[in-house]
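A short worksheet on the structure shown next.
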Amino acid sequence: AGVKIVQASCGENISAILCSKGHLYTTGSSEWGQLGNGETGEYIVTAGRLSYANCSKFLSRSNFVQSEQDALLEKGGMPSSSTGAGKAKIIPLEDARRIRLATVSCGKNHILAVEAASTSSEHVPRVFSWGCGDYGRLGHTVQADEYTPRMIGAFRGPLFANNPPVEAIAGSTCSLVRTRHGHVYYFGKHRTVGEATMRPTLVDALANNGHVVTAVGAGSTTVFCCTTNGVTVSWGHGNHGELGYGKGENKSSSKPKFVNGLDSCLVTDVACGMAHTLFMIRNEDEEDAKALKKVATLELEEVAQFIEEVKSRKIAKDAEEDAEPPKKKSRGKAKKN
C-alpha cells in the first residue's frame, strides 16, 4: 500500500518503471536480454525463424550481478590476468535483494540504472547496464549482451568516492553517466562514422574547463550536455536541425560544440528523440527571463500551419501517384524464325 510509480522509460520494444521503493519492473522484448530476467527465451518457431520469450506485463527484476574480476577489486584483491576479453565470469551480488534504484533509462535495446544513495557515507551508488552490448554501450569494454543487470566496474574505486554517479542516460546506441560534481562519462557510439568508445570515458572538453553539467540527453545520433552557467553543447549528426546550431550552421560535429541559441539559458532537462530535441528552461528570475527573450518562440498558429502544410503535401503526393499511369512490363523483342 502506498507504493507509487516514480519514473518510467521506454526503448524500441522495451519499457521500464521504478516504484517509490526503488524496485525495477520491465516488460516488452527479450531479444537482447533487455528484460533483465537472465535470459532471452530464444526458441525456434519454424525452420529459419526464431522468437523470444517476450513479456506482456510489468514484472519485478531483483537480480543484479558483477564480474568476478570486479568482485575481487571490491574486496581489495588483484584481478587475474588469465581471463580473456569477452570471457568475464559473472557472479551474483551478495546484496542483490536489498538494492534500490534511483534512476532508470532505456535506449533502443539496452537499459541503464543508478542505485539510490545510501545512508552510509562509505557506500557509493553503483551503475548497472544490461541488454544489447554492441559498440560497447554497456560499458563493460566488450561487445557482448548482458541478460541481467550488471554492475559497471569502471564507476567503482576512489575516484568516485566523493563524486558518485547520480544519473545514467541511454541513447539509441550510446550511454552517458553524470556524477554529483557534474562530470559526464560517455561510452558506445552515436555517430555514423568513427570508432566506438568501448569504456566509460570522461568528456574532458567540459570537465577540464570548469563546466558543471546538470542535464544530459542522448538520441539516435545526438548527445547534449547542459551546465550550471547557462552553456549547452551538443555533438553528433543532426540532418534535421536537432543539434540546435541554427540555420546556415553545420549539421554535424565530431566534438562538443556550443548551442548559441540557448546561450545563458539554464536548461533543467533535455530529451533527445528521433530528429528532434526538447528542452526545459528555468524561468525563475529576471536573468532567466532576459535569457529566454533571445530564444525563438513557436506559436500554436505556426504549429497548426505546419501541420496543414504537411497534410497538403501528402495529399498532393497521393494525387500525383494516383494520376501516374501504371508502367507496362517490358516483354523484350520477339524472336525471329
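The values are calculated or read from the model by the stated rules, or taken from the named source; none is laboratory data. Since the structure is predicted, the reported quantities are computational estimates derived from the model, not experimental observations. Virtual Cβ from ideal backbone geometry, glycine too; neighbours counted across all protein chains shown. We work out accessible area using only protein heavy atoms, side chains counted, and drop any ligands, DNA or RNA first. Shrake-Rupley method; radii C 1.70, N 1.55, O 1.52, S 1.80 Å.
At-a-glance table
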read-out: Test: residue in region 294-306 that is under 29 Å from VAL216 (Cα atoms) and in contact with a Leu (Cβ under 8 Å, 6 or more places away or on another chain); value: yes
read-out: Extreme residue, least open to solvent (accessible area, probe 1.4 Å), among residues of region 90-123 that are in a loop (DSSP other than H, G, I, E, B) and among the acidic types (Asp, Glu); value: ASP95
read-out: Residues being of a type in the set (Phe, Trp, Tyr), touching a Leu at 6+ places or on another chain (Cβ under 8 Å) and part of a loop (DSSP other than H, G, I, E, B) - total across region 25-68; value: 1
read-out: Filter result (within 14 Å of ASP70 (Cα to Cα) and not in a loop (DSSP other than H, G, I, E, B)) within region 124-150; value: VAL127, PHE128, ARG150
read-out: Listing of strands (runs of 3 or more DSSP E) fully contained in region 151-210 that carry 1 or more residues being surrounded by fewer than 20 Cβ atoms within 10 Å (Cβ to Cβ); value: 165-170, 197-202
read-out: Per-region count, region 32-59, residues under 14 Å from ILE14 (Cα atoms), loosely packed, with under 14 Cβ neighbours inside 10 Å and hydroxyl-bearing (Ser, Thr, Tyr); value: 1
read-out: Residue list for region 245-294, filter: part of a loop (DSSP other than H, G, I, E, B), surrounded by fewer than 14 Cβ atoms within 10 Å (Cβ to Cβ) and out of contact with any Asp or Glu (no Cβ under 8 Å at 6 or more places or on another chain); value: GLY246, LYS247, GLY248, ASN250, LYS251, ASP263, MET274, ASN283, GLU284, ASP285, LYS293
read-out: Subset of region 309-333 that is charged (D, E, K, R), part of a helix (DSSP H, G or I) and surrounded by fewer than 10 Cβ atoms within 10 Å (Cβ to Cβ) - its residue that is modelled with the lowest pLDDT; value: ASP322
